[in-house]
Amino acid sequence: MKTQVAIIGAGPSGLLLGQLLHKRGIKNIILERVTPDYVLSRIRAGILEQGFADLMREAGVGARMDSDGEVHDGVEIVVNGRRERIDLKGLTGGDTVIVYGQTELTRDLMDARVDSGQTTHYEVSNAQPHGMLEEQPYVTYEKDGKSYKLECDYIAGCDGFHGVSRKSIPEDCITEYEQLYPGGWLGLLSDTPPVNPELVYVRHARGFALCSLRSQTRSRYYIQVNKDDKVEDWSDDRFWAELKRRLPDDLAEKLVTGPSLEKSIAPMRSFVAEPMQYGRLFLLGDAAHIVPPTGAKGLNTAASDVYTLYTILTKVYGEGKTELVEKYSEICLRRIWNGERFSWWMSNMLHTFEETSDFEDKMYTSEIDYYLSSEAGKRVIAEQYVGLPFEEIK
Ligand code: APR
Ligand code: PHB
């Protein structure tokens, strides 16, 4: 079997890349370990930067996002009871974000891939990149008890943090940077009206909280918990009571509670692998980097990599600009490290960790107070939150 680009992983990175390449007539096949339903069962964030939304539209899968997604002009930050709104639109000259769940955009991408008749092999096992430094790399894999070899020009490792692609790069050819945070995010999804029309990030002595949403009838809430907490430790009632303790009184009074549709704890981690390529193997999204969810950058940094590889391969196949291939990692990392820093900064500004000294706590509180007290400070937060423009690739 042969294609031009072999994509490992059918999460948002792999599916969006596949759809964009298809639009440019670049053949690709996706190899995915689990079933489509399993991919869709993962509840993740849902804040799309302008760049991500534009890529979805360019891929021809932006219709439901534009009709069902909510454009948000601002977000709120509450620090020890003081509420400040960040006017994203006003402070960035018109940029906004779209609230649209990752599950929905993944469903849109899956449907578009089926409609376009592209090949996706689900439930494959032992996918393994080979010949990455050769002219003709390939991927071996198994499905239904048979072994296969997929020959290709390039391999896109879109297989997430626990995937095979990053681990296929020799240890002496890759450097990993990591920071673990002593806390986790307990998230709850409920069919209840959002407590506030815009997202509310809360710094509180008891811990971080976030009020988010999926629609006007479906809410997504988070509270910071200890890194060793188990979701079984948190009944719905205990979750709602703790969330109310961390919200400003007027929001706590308005909060509509209800049964959880989903409840899970996500770890807080910063991680980057450099370089994000090895010969003709490229790493995209969670395969190359992880951010703590505070800055809503997980999906958006993945989209940044997809934009870069899609643009490079379009120029390679369309204009013969093969020299761009070696630029992939360098271009990606400039934007990735910016997203990592913002997510790390937001996490330290808005979380109180047991390990944080009283002095450090005062430093973080003073810093976020300064940013929220000045237009310049709010503009910095706004520019980072809506996302910096993608780098032009010539
Ligand atoms: N072979 C084939 N598929 C694999 C393998 C493998 N060895 N290992 C992992 N996969 C699949 C997973 O089953 C998953 O569907 O690769 C996909 C990776 O998807 P994600 O982990 O969602 O990563 P990505 O597509 O980069 O999307 C990043 O998803 O997890 C969120 O917070 C994250 O918003 C971010 C976004
Ligand atoms: C979400 O809606 O799941 C969400 C929103 C903003 C974040 C993280 C998660 O920063």
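Computed from the coordinates by the stated procedures, all read-outs in this text should not be read as laboratory data. What you are looking at is a predicted structure, and each value in this text was computed from that prediction instead of being measured. Glycine gets a Cβ as well: all are built from the backbone with ideal geometry, and neighbour counts include every protein chain shown.
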Of the peptides 182-189, 79-86, how do they stack up when ordered by the mean number of other Cβ atoms within 10 Å, highest first? 182-189, 79-86
Under 5 Å, built H, 5+ apart or other chain: amide partners of Lys2: Glu151
Work out from phi, with θ = phi - 60° and the Karplus expression 6.51 cos²θ - 1.76 cosθ + 1.60, the ³J(HN,Hα) of each residue of the range 16-26, listed in order in whole Hz, and give x for Gly and Pro. 5, 4, x, 5, 5, 4, 4, 4, 9, x, 9
Tilt of helix 328-350 relative to the longest C-alpha principal axis of the chain, in degrees (0 to 90, nearest 10)? 20 degrees
The set of residues whose placed amide H lies less than 5 Å from the amide H of Gln277, leaving out same-chain residues fewer than 5 positions away, is Leu283
For Cα pairs less than 8 Å apart in space and 6+ apart in sequence, what is the mean separation divided by the residue count of the chain, i.e. the relative contact order in percent? 20 percent
For Gln128 and Glu323, extending 7 Å from Cα along the Cα-Cβ vector and measuring point to point gives, in nm, a value of 3.7 nm
Under a straight-distance cross-link criterion of Cα-Cα below 29 Å, which lysines are reachable from Lys23, leaving out those fewer than 8 residues away in the same chain? Lys2, Lys143, Lys149, Lys297, Lys315, Lys321, Lys327, Lys394
Nearest 10 degrees, 0 to 90: helix 358-373 Cα axis against the chain principal axis: 90 degrees
By average Cβ neighbour count within 10 Å, what is the ranking of 52-58, 171-177 from highest down? 52-58, 171-177
Hey, in the GNM for the chain with a 10 angstrom Cα cutoff, which one of Leu48, Leu17, Leu133 fluctuates hardest? Leu133
Would you work out the relative contact order for the range 154-308, in percent, from Cα pairs under 8 angstrom that are 6 or more residues apart? 34 percent
The range 1-139: radius of gyration and largest Cα-Cα distance (Dmax), Å: 18.4, 60
Which whole-Hz ³J(HN,Hα) couplings does the range 56-66 yield from phi under the Karplus relation 6.51 cos²θ - 1.76 cosθ + 1.60, θ = phi - 60°, glycine and proline marked x? 4, 5, 5, 7, x, 10, x, 4, 5, 4, 6
Filter the GluC sites (Glu not before Pro) in the range 302-359 to those in DSSP coil with at most 16 other Cβ atoms within 10 Å of their Cβ, and list the result. Glu354, Glu355
For the range 250-301: Kirkwood Rh in Å [reciprocal of mean 1/r, alpha carbons]: 14.2 Å
Output wanted: per-residue J couplings in Hz (rounded whole) for the range 95-105, from phi through Karplus 6.51 cos²θ - 1.76 cosθ + 1.60, θ = phi - 60°, x for Gly and Pro. 6, 9, 10, 10, 8, 7, x, 4, 4, 5, 5
Taking the Cβ-Cβ separation of Asp236 and Asp358 as r and a Förster radius of 41 Å, what is the calculated FRET efficiency to the nearest 0.05? 0.75
Alpha-carbon Rg with Dmax, taken over the range 177-289, Å: 16.8, 57
Quick one: length gained pulling Asp68 to Asp229 fully straight, 0.36 nm per residue minus the C-alpha distance? 54.5 nm
Between Val97 and residues 5 or more places away or on another chain, the pairs with built amide H atoms under 5 Å apart involve His72
Cα long-axis angle, helix 236-246 against the chain (0 to 90 degrees, to the nearest 10): 60 degrees
Using a ≥ b ≥ c from the Cα gyration tensor of the range 202-253 (square roots of the eigenvalues), is it rounded, prolate or oblate, where a/c under 1.5 gives rounded and otherwise the larger of a/b and b/c decides, a/b for prolate? oblate
Among Val139, Met110, Ile174, which residue has its Cα positioned farthest towards the positive end of the charge dipole of the range 105-192, with +1 placed on the Cβ of Lys and Arg, -1 on the Cβ of Asp and Glu, and the dipole taken about the Cα centre? Met110
At q = 0.07, 0.08, 0.09 Å⁻¹, what is the base-10 log of I(q)/I(0) for the chain according to the Debye formula with one equal point scatterer per Cα and no solvent? Please give it to two decimals. -0.32, -0.42, -0.53
For peptides 139-148, 158-167, sequence by mean Cβ density within 10 Å, most packed first: 158-167, 139-148
Taking Cα centroids, how far is the range 208-253 from the range 84-122 in Å? 24 Å
Among rounded, prolate and oblate, which fits the range 17-56 when a ≥ b ≥ c are the square roots of the eigenvalues of its C-alpha gyration tensor, a/c under 1.5 means rounded, and a/b larger than b/c means prolate? oblate
May I ask what percent, to the nearest 5, of DSSP beta bridges between residues of the chain are antiparallel? 75 percent
When the convex hull of its Cα atoms is projected in every direction, mean area for the range 334-387 (nm²): 4.0 nm²
